[in-house]
Amino acid sequence: YEAKNKGVTIALHTPAMDQGRIERLALLADLRVALTSDQSQFVLHYQPKLDLRTGQVTGAEALVRWNHPTRGTIAPDVFIPLAESTGLIEQITPLVLDAALRECAGWDEDLTVAVNLSARNLADSSLPERVASALSRFGVPAHRLILEITESSVMGDPEQTMPVLHALRNLGTCLSLDDFGTGYSSLSYLQRLPVGEVKIDRSFVLGLFGEDDASSVALIRGITGLAATLGLRTVAEGIEDQAVLDVLLGLGCDTGQGYHLSRPLAAPAFRQWIAARNHSAYPALRLLGEAR
Ligand code: C2E
Ligand code: MG
Ligand code: MG
Ligand code: MG
């Protein structure tokens, strides 16, 4: 059996797979170097979140990018999974949290900033203390920090993560359930989580005018209804055009994010974007006006 298994293993190692593995290892080595000797390679972009009814900006989600010295910008979908599987995410999250809070402290208004957390962060019982210390270091009140979690990051080890979630909530931060609808999400389970917000996954929003439009509408209606019952805010991700925005408004969705509203912006561009909105004649009405 040993020999046979070994044979199979070797047979499966095609050159293409080896190439992928080598790439991954090279990227991982560079990731370690960046984290230990040049953290300025990690840059946050901010994507505005808008109140869909009034058009007002409520805050922004901080999204990390890696400016690699030779490969250019690397998207989080590429290096975050690598950081999660190797434990390096434990170094990336504090870096992101600090940068996001430092930036948020400089915004004029009472805007929120949202930071994405991974399963490993939620399994770390020292996370609430670290978050509390970062908030006080940058002088940001807890209610301006939103922490985005996913169902799978909680469900990995609920006994470990639930106390962490409650401690974060007790600090006064808002927990947001990201990519909602793509995981297990039983209704009773949503009720048990100390979240204040659910983010409707982009796939349902993109599906609104696709082949699965009827089921996407039903799903979104179900989520907004459930959220209203539980007193949770809803955020739709991936709003790419006005037609989708109109449908979401009709389905009772509160808040939204997407390329139609704004792409994620570098920190200075986000500040300019906010200022430009504030100086236009009827910033709050613009979106509703467009929607009609
Ligand atoms: P996410 O948290 O669900 O973030 C939303 C993603 O959707 C972002 O991709 C954003 O740029 C993209 N997006 C926004 N509007 C639209 C739209 O209208 N259409 C389409 N097609 N896409 C849109 P991004 O920045 O590439 O991030 C991908 C994922 O990487 C994030 O998904 C999040 O899970 C993860 N991520 C990003 N930053 C961090 C971080 O600091 N820590 C951790 N743990 N994960 C992060
Ligand atoms: Mg997110
Ligand atoms: Mg999301
Ligand atoms: Mg997503």
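Bear in mind that the values in this text are calculations on the coordinates, not laboratory data. Here the structure is a predicted model, which is why all the values come from computation and not from measurement. Here the Cβ positions follow ideal geometry from the backbone for every residue, glycine too, while neighbour counts run over all protein chains shown.
Rounded to the nearest Å, what's the spacing between the alpha carbon centres of the range 203-242 and the range 22-53? Just the number, please.
For the range 203-242 versus the range 22-53, the Cα centre distance is 29 Å.
Test of understanding: in a Gaussian network model of the chain with alpha carbons linked when under 10 Å, which of Leu95, Leu27, Leu63 would top the mean-square fluctuation ranking?
Comparing Leu95, Leu27, Leu63 in the GNM, the peak value goes to Leu27.
Mind giving me the FRET efficiency for Ala276 and Gln242? R0 is 25 Å, r the Cβ-Cβ distance, nearest 0.05 is fine.
0.80
Just the number, please: percent antiparallel of the DSSP beta bridges in the chain, rounded to the nearest 5.
So the antiparallel bridges in the chain amount to around 45 percent.
What's the whole-number percent of alpha carbon pairs in the chain lying beyond 34 angstrom?
Pairs farther apart than 34 Å: 26 percent.
Taking the Cα-to-Cβ direction at Ala269 and at Ser126 and moving 7 Å from each Cα, how far apart do the two end points lie in nm?
Each label point lies 7 Å from its Cα, and together they span 3.6 nm.
Rounded to the nearest 0.05, what FRET efficiency is calculated for His68 and Leu171 with R0 set to 30 Å and r the Cβ-Cβ distance?
0.30
Can you give the angle from 0 to 90° between the axis of helix 15-37 and the longest principal axis of the chain, with both taken from C-alpha atoms, to the nearest 10?
70
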